[in-house]
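Colleague: The structure follows.
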Amino acid sequence: MKNKKCIICANKTIKLKINLPTFEHVNFNTISSRSILFKCSNCNMIFTNKKITNNIFIKTNYINNNNDRIIKLNKKRFLTSRSKILSNFILKNILKKKTNLNILEIGSGKGYLLEKLSKIYKRANLYGCEIGNYSKFKPYLKKNITFIKKNKLNFLDRNFDLIILSHTINYFQNPSQELNGYKKLLKKDGNLVVISPDISKNIFYTLMADQKIIPTKNSLRNLLSFSGFSTFLINNTEIPNELICVAKINPKNNFFFKKNDRIVENNLNKIKLIKNKILKLKPKELLILGTNINSAFIDQILNTRSLGFIDDLYVKKKYFRDKKVMNKKYLNEDEILVNGYNEKKIYISNKTKAKIINLF
Ligand SMILES: [Zn+2]
């Protein structure tokens, strides 16, 4: 079979064979045990050949569970939300206070971020766009926040100061086409903010199978360059596992990262080593820390030796991958917990009597 041409820049690609389990990003169920990705030898973008339907996003169950993420800040035991962090980040780094702003979020879910932004930018007009119907949720009932269905976006006759794409770009069947559409909605000096999981920080995100593209920081910037934007990345310490890229319209932009970006290949090698480590664990019965893709991967490899998951951040979650979710406070000395996170301090700050095995 001839290799596919790059969906971004139409150059040659190489085939990457993945002999590892892959997962969907809603319930982290296993999708397959092996898969194929393509990597462009020019712009470095990694993509799948599969057609992305995104049907999952319009299901009631998905909509009901599409909530804000609680974040435990590192040093203090202080709980905050992802939308709060992001809204402050936008104020500090991107959109210093101005009046008469127009703000649009693509993939706005229940409108948590828009609601936080509406408190900062009191006189702004905010719009949230989704493929699922979220119009009944509280933020969209506010006077200055409007819900708009994805298929109605073309009819918006507004010039935006800010368009936000948070964990959205990976799911577009044709990312370049989407970006060209948003370019038409932006003011000349407007900002497009693209947020995506940073797979160099959480390597397991490389195994997310329901996305069209798996961007790295360089291939994401290349994609935006191809669509006529100049870009810069902003570091953040509060949500360190996410890439935050700010783009402005600039048809003459000449940023292009051509060097071979091997983040995905390196991640796959690291994950294989972790898989071997898990297979060599001696105990017959183990518990897994967290209810995330990291935990799903460990569960898939341990198979029947995994008894369940420990998560005290999401107390309401009772089952994950059809296994029990427990609070680690109630564990005793003879129980063993496998930790697949690389930020040990965040997740093991609460005391537990159980023995902990760190995979990193
Ligand atoms: Zn390419």
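Colleague: Label 7 Å along Cα→Cβ of Thr80; the range 98-131 residues with amide nitrogen under 15 Å?
Modeller: Flagged as within label range: 113, 116-117, 120.
Colleague: Quick check: residue separation of Leu273 and Asn303 times 0.36 nm, minus the Cα distance between them. What number comes out in nm?
Modeller: 9.1 nm
Colleague: Now, a different point. Taking only DSSP H segments of four or more residues, each worth -39500 (n - 2.57), what value at 222 nm results for the chain once the sum is divided by all its residues, to the nearest 500 deg cm²/dmol?
Modeller: Using -39500 (n - 2.57) per qualifying helix, the result is -6500 deg cm²/dmol.
Colleague: To the nearest 0.05, how large is the calculated FRET efficiency for Thr30 and Ser176 if R₀ is 35 Å and r is the Cβ-Cβ distance?
Modeller: 0.70
Colleague: On to the next question. Based on the Cβ-Cβ distance from Ala10 to Lys353, what FRET efficiency comes out when R0 is 45 Å, to the nearest 0.05?
Modeller: 0.20
Colleague: In whole Å, what is the distance between the alpha-carbon centres of the range 164-192 and the range 1-62?
Modeller: Going from one Cα centre to the other spans 20 Å.
Colleague: Further, regarding this structure: Indicate, rounded to the nearest 5 percent, the antiparallel portion of the DSSP beta bridges found entirely in the chain.
Modeller: Just about 45 percent of them are antiparallel.
Colleague: Within 10 Å, count the other beta carbons around each residue, average over each peptide in 166-174, 39-47, and list them highest first.
Modeller: 39-47, 166-174
Colleague: Right, here's the next one. At a Förster distance of 41 Å, what's the computed FRET efficiency of Lys282 paired with Tyr319, Cβ-Cβ distance as r, to 0.05?
Modeller: E(calc), rounded to 0.05, equals 0.90.
Colleague: OK, next. Taking the dipole about the Cα centre of the range 1-158, with the C-beta of Lys and Arg at +1 and of Asp and Glu at -1, give me whichever of Cys40, Cys129, Leu91 is farthest to the positive side.
Modeller: Result: Leu91, furthest along the dipole toward the positive end.
Colleague: Give me Rg over Rh for the chain, both radii from the alpha carbons and Rh done the Kirkwood way, two decimal places.
Modeller: Using only Cα positions, Rg/Rh for the chain is 0.97.
Colleague: How large is the charge dipole for the range 56-249, taken about the Cα centre, if only the Cβ atoms of Lys, Arg (+1) and Asp, Glu (-1) carry charge, to the nearest 20 debye?
Modeller: 800 debye
Colleague: A further question on this structure: Of the peptides 49-61, 4-16, how do they stack up when ordered by the mean number of other Cβ atoms within 10 Å, highest first?
Modeller: 4-16, 49-61
Colleague: Turning to a different aspect of this structure: Helix 217-226 against the longest principal axis of the chain: what's the angle in degrees, Cα atoms only, rounded to the nearest 10?
Modeller: Around 20 degrees separate the two axes.
Colleague: Ratio of Rg to Rh for the range 56-249, alpha carbon only, Kirkwood?
Modeller: 0.93
Colleague: Roughly what would the spin-label model give for Asn144 and Asn55, points 7 Å off Cα along C-beta, in nm?
Modeller: Here the answer is 4.1 nm between the modelled labels.
Colleague: With the dipole of the chain worked out from charges on the C-beta (+1 for Lys and Arg, -1 for Asp and Glu) around the Cα centre, which of His25, Leu186, Leu113 lies farthest toward the positive end?
Modeller: Leu186
Colleague: Ok, one more. Taking a virtual spin label 7 Å from the Cα of Phe360 along the C-beta vector, which residues in the range 226-259 bring their backbone nitrogen under 17 Å of it?
Modeller: Inside the label zone: 236-243.
Colleague: Relative to the first principal axis of the alpha-carbon coordinates of the chain, what is the inclination of helix 175-185, with its axis defined by its Cα atoms, in degrees from 0 to 90 and to the nearest 10?
Modeller: Taking the Cα atoms of the chain, the angle to 175-185 is about 40 degrees.
Taken together, the values in this text are just the output of simple stated rules run on the coordinates, not laboratory data. All values reported here derive from a predicted model rather than from experimental measurement. Positions of Cβ are backbone-derived with ideal geometry, glycine not excepted, and every protein chain shown enters the neighbour counts.
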